[in-house]
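The values are calculated or read from the model by the stated rules, or taken from the named source; none is laboratory data. Just so it is clear, the structure is predicted and the values come from calculations on it, not from any experiment. In this analysis, Cβ positions are derived from the backbone assuming ideal geometry, glycine residues included, and neighbour counts consider all displayed protein chains.
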Amino acid sequence: MRGTTRGAAALLVFAIVSGCGSSAVATARPSQARLVVFAAASLSTALATAVPAFEQTHPGVTLTVSPGASSALRVQIEQGAPADVFLSADTVNATALVGEKLTNGGATPFAGNELTVIVPASNRAGITSPADLARPGVRVVAAGSQVPITRYAEQVVANLARQPGYPANFAAKYESNVVSHEDDVSAVVAKVALGEGDAAIVYVTDAKASTEVHAIPLPAAANVPATYDGVVIGTSAHLADAHAFLAWLAGPPGRSVLARFGFLPPP
């Protein structure tokens with residue numbers, strides 16, 4: 001009997017120790033963090049490569065990208081949409097969230113971009129120069145008034161109007177040729193690619209990502225730099241991981257990936 005009792009006691013001690021050991025191992029494992037990243041539509045193609053690269057070096061962290069117009073994504077965050085990181089195609093929307101105290105920390109510039117004119121691969125309208133955007137009958141596709149690409153495009157148009165060889169009323173003629181206002185820049189590119197518009201002003205990276213459009217460069221003096229800012233949302237349940245992703249994207253590893261898709265370092 002004594003041997004049986006000792007054996008049972010030993011088994012009990014082993015079970016307790018084993019249980020404690022399992023708990024210790026489980027505690028030591030990295031937490032499973034699932035982050036939602038609200039990102040400007042123009043980042044979609046690049047993030048399809050950047051996200052797996054980040055996840056590979058950060059075990060336990062999974063990113064889900066929700067793309068759209070930066071202005072629309074900002075409004076969603078203001079209305080309480082769950083997000084951990086916001087990547088904007090401008091500084092305005094990210095800075096606004098900082099000012100509204102909806103972020104954890106300030107804005108981080110992580111990329112730059114420039115603009116170009118695109119036409120369908122067929123180019124049936126025969127557009128050869130940005131000056132043709134003001135030509136009668138040309139169908140220009142644009143985005144909504146609050147979308148960052150629209151503000152950048154307006155600056156480009158104003159700059160073009162001051163270039164030699166461009167009429168003083170170039171901006172007015174351009175505006176009269178706008179046939180639609182799309183939700184974001186990806187929708188603008190898609191519409192031009194389908195031939196439902198003759199031209200549009202988009203980011204250089206958008207033109208590079210599509211095989212169905214042809215890019216017509218802008219004069220260097222008329223182009224404008226676009227700065228992309230990122231912020232960590234204050235309500236994130238995984239602040240450390242969210243900051244780690246933003247720092248990675250803004251650092252050498254992330255910029256290396258972005259550069260492959262035509263993005264520039266932030267100005």
Fill in: Scan of the range 39-90 for residues that are part of a helix (DSSP H, G or I) and small (Gly, Ala, Ser), ordered by number
ALA41, SER42, SER44, ALA46, ALA48, ALA50, ALA53, SER70, SER71, ALA72
Worksheet entry | Flag for TYR166 being in contact (Cβ under 8 Å) with a residue 12 or more places away in the chain and in a helix (DSSP H, G or I) | no
Discussion item. Please verify whether SER210 is of a type in the set (Ser, Thr, Tyr) and either surrounded by 18 or more Cβ atoms within 10 Å (Cβ to Cβ) or at pLDDT below 95 (or both), treating the condition exactly as stated.
Written reply: yes
Worksheet entry | Pair list, Cβ under 8 Å, 6 or more apart: the range 45-58 residue without any contact (Cβ under 8 Å) to a residue 24 or more places away in the chain and under 17 Å from HIS243 (Cα atoms), other residue outside any helix (DSSP H, G or I) and of a type in the set (S, T, N, Q) | GLU55/THR62
Worksheet, complete the sentence: With the first residue restricted to the range 59-79 and required to be farther than 18 Å from LEU35 by Cβ and not assigned by TED's automatic domain parsing to the domain that holds VAL189, and the second required to be modelled with pLDDT under 95 and in a helix (DSSP H, G or I), Cβ contacts under 9 Å at 6 or more apart or on different chains are none
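Just wondering, is there one or more residues in the range 204-227 that are in a helix (DSSP H, G or I), among the acidic types (Asp, Glu) and in the same structural domain as ARG139 (by TED's automatic domain parsing)?
Within the range 204-227 (the criterion being in a helix (DSSP H, G or I), among the acidic types (Asp, Glu) and in the same structural domain as ARG139 (by TED's automatic domain parsing)), the answer is yes, since at least one residue qualifies.
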Worksheet item: Looking at VAL157, is it under 30 Å from GLN76 (Cβ atoms), without any contact (Cβ under 8 Å) to a residue 60 or more places away in the chain and surrounded by 18 or more Cβ atoms within 10 Å (Cβ to Cβ)?
Response: yes
